[in-house]
Amino acid sequence: MQRNEPSQPVPDGAVGAEQNRRTLISWLLGGGIAASLASFFYPVARFLDPPQMAEASVNEVAAGKVQDLKPNSGKIVRFGNKPALLVRVNDTEWKAFSAVCTHLNCTVQYQEARREIWCACHNGTYDLDGRVVSGPPPKPLEELAVKLRGDEVVISRRV
Amino acid sequence: MSVKELRARTFDWFDERLGLREGRDLLDHKVVPVHAGTTWYYFGGITLFLLAVQLGTGILLLLYYRPSVAEAFDSVRFIMTRVEFGWLIRSIHSWSANLLIFAAFVHMFSVVFTHAYRRPRELTWLTGIVLLGLMLGFGFSGYLLPWNQISYFATKVGTDVAATMPFAGPALARFLRGGEDVGAATLTRFFAFHVAVLPMLTFAFVGVHLLLVQKAGMSTPSGISPARLAQMKFFPSFFLRELMVWYGVLAILGTLAAIFPWELGQKADPFSSAPAGIRPEWYFLAQFYTLKLIPSHVWFMEGELLGLAGFGLLAAVWVTLPFWAKGREGEGRTRLATGVGVFLVCYLFAFTILGYLK
């Protein structure tokens, strides 16, 4: 490797050309490797991204029979892919909410003794209009509409 | 502080704690002999590279695969049809598995024909044989995981062959199947073998194998005097060449996976007849065809058993190769080893092709 020895007299222009050639080859090699790595990791990144699943979009579900839920009690029912909380406040009044706590997505429950909705994860409470009473939830629960169709309770999205 | 200074300081910091200089010196002094057979040195590296591909793509497949009879087939179909590039990842995993076993065979036979198994490399040979067995185990267990017709029946036959072994056979088959028959328990077991047991053993044995290669240095073929050989530095000269070989292998792998995507077939149905033309993966074909040829009874022995005894004998001869293929001075009965090697290559080659055609 004579070209690396400083004692060897080389014309100035030749050193410059040699340096340029080296730099160019290094860039080509590095660029080629970088480009090929990108082409390997792009499919991997796309693979890691989970495909969109068709969400069962539901506007209305039958939540059970009137006589199955006694006054001052609540139960969790399926509303599409998400849980909903159905509350029978008294003989005639019904309420329904999305059962997903607005704090960190836990599923809430009805507390019969205190007549409020409670989230066990971080002690958040909501009243029977879905408004936050205490605890960390930042927003009220989304309220759903309840209709009685004969002796069947039907929950639907509010419009 | 200049960039150069910063680099030197960072290196020193890590060197003080990790001993980087020792590693660098080791790498600096590692050399590869240059001769007519140098090409064969690349196949160990190719096998290792394909193993890395298997590890990477295998982890990716694990993100979507579900190991249960009810969901396995559908989850693989989901990977191939719904997940972006899922077909490519699965196809690469299957093709790479096959190329890996092929590369391992080439690596093994190159070791035989260059007589690299000689003293002091007997343990390198033995760990290599164990690794080949592990790779075949990966192939056999991985084959069942998509839970399709072909793999279901191949596993039935494969575990049945194990059951015909004298003494331990039935117990071994029961252990492999997790019961009397191939079913849900088998899938769970094969999954556990494929993603936990075999990888752990493989890591250990690859580690020891590489350590032994490092310890003894590269072998030179018998008949070439090491003193007169030219050498090249492992790093960067050999390493960069190996890297280019890996790029080439990856190109072949990508092409095969893209042009001939691995098929999924039909979901396994235990209450249907075995499909016509069923046969195992190519690396089990020679044995499969041999067993087909042997009549059901030979003299007092069951044919199946005779075949297995033959394979067992052949395997024992092969595994102990470094111990019998040597003379009194340890210089090696190279011709005998070459003869056995040629015989085995011819047998495997011919019977694999016959098994494929018939």
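The values are calculated or read from the model by the stated rules, or taken from the named source; none is laboratory data. Being a predicted model, the structure only gives us computed values, none of them experimental. All Cβ positions, even for glycine, are placed from backbone atoms using ideal geometry, and neighbour counts span all protein chains on display. What goes into the accessible areas is simple: the full protein's heavy atoms, side chains included, and nothing from ligands, DNA or RNA. Shrake-Rupley method; radii C 1.70, N 1.55, O 1.52, S 1.80 Å.
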**Request:** Give segment B:22-59 a look and list any residue that's among the aliphatic types (A, V, I, L, M) and under 20 Å from residue B:135 (Cβ atoms), or say none.
**Result:** B:46, B:48, B:50, B:51, B:52, B:53, B:55, B:59
**Prompt:** Which of the residues that make up segment B:222-241 are of a type in the set (D, E, K, R) and more than 14 Å from chain A (Cβ to nearest Cβ)?
**Reply:** B:228
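Check whether at least one residue in segment B:92-108 is within 14 Å of chain A (Cβ to nearest Cβ) and either free of Cβ contacts under 8 Å to residues at least 24 places away in the same chain or hydrophobic (A, V, I, L, M, F, W, C) (or both), and report yes or no.
Looking through segment B:92-108, at least one residue is within 14 Å of chain A (Cβ to nearest Cβ) and either free of Cβ contacts under 8 Å to residues at least 24 places away in the same chain or hydrophobic (A, V, I, L, M, F, W, C) (or both).
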**Test set (1) among the small types (Gly, Ala, Ser); (2) in contact (Cβ under 8 Å) with a residue 12 or more places away in the chain; (3) within 24 Å of residue B:134 (Cα to Cα) - residue B:185 fails condition number** = (2)
**Asked** Any idea which of B:214, B:231 is in contact (Cβ under 8 Å) with a residue 40 or more places away in the chain, in a strand (DSSP E or B) and in the same structural domain as residue B:90 (by TED's automatic domain parsing)?
**Response** B:231
**Asked** Residue check: is residue B:133 within 13 Å of the chain's Cα centre (by Cα), of a type outside the set (A, V, I, L, M, F, W, C), more than 14 Å from chain A (Cβ to nearest Cβ) and surrounded by fewer than 17 Cβ atoms within 10 Å (Cβ to Cβ)?
**Response** yes
**Prompt:** Which one is most open to solvent (accessible area, probe 1.4 Å) among residues in segment B:75-91 that are more than 9 Å from every other protein chain (Cβ to nearest Cβ) and free of Cβ contacts under 8 Å to residues at least 12 places away in the same chain?
**Reply:** B:81
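Residue-wise test of (1) assigned to a helix (DSSP H, G or I); (2) more than 30 Å from residue B:120 (Cα to Cα); (3) touching a Cys at 6+ places or on another chain (Cβ under 6 Å).
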site: B:280; (1), (2), (3): no, yes, no
site: B:285; (1), (2), (3): yes, yes, no
site: B:288; (1), (2), (3): yes, yes, no
site: B:309; (1), (2), (3): yes, yes, no
site: B:312; (1), (2), (3): yes, no, no
**Message:** Among the numbered criteria (1) under 22 Å from residue A:158 (Cβ atoms); (2) in contact with a Phe, Trp or Tyr (Cβ under 9 Å, 6 or more places away or on another chain), which one does residue A:50 miss?
**Reply:** (1)
**Asked** Given the residues B:265, B:327, which is the only one that is at pLDDT below 85, part of a loop (DSSP other than H, G, I, E, B) and open to solvent by less than 80 Å² (accessible area, probe 1.4 Å)?
**Response** B:327
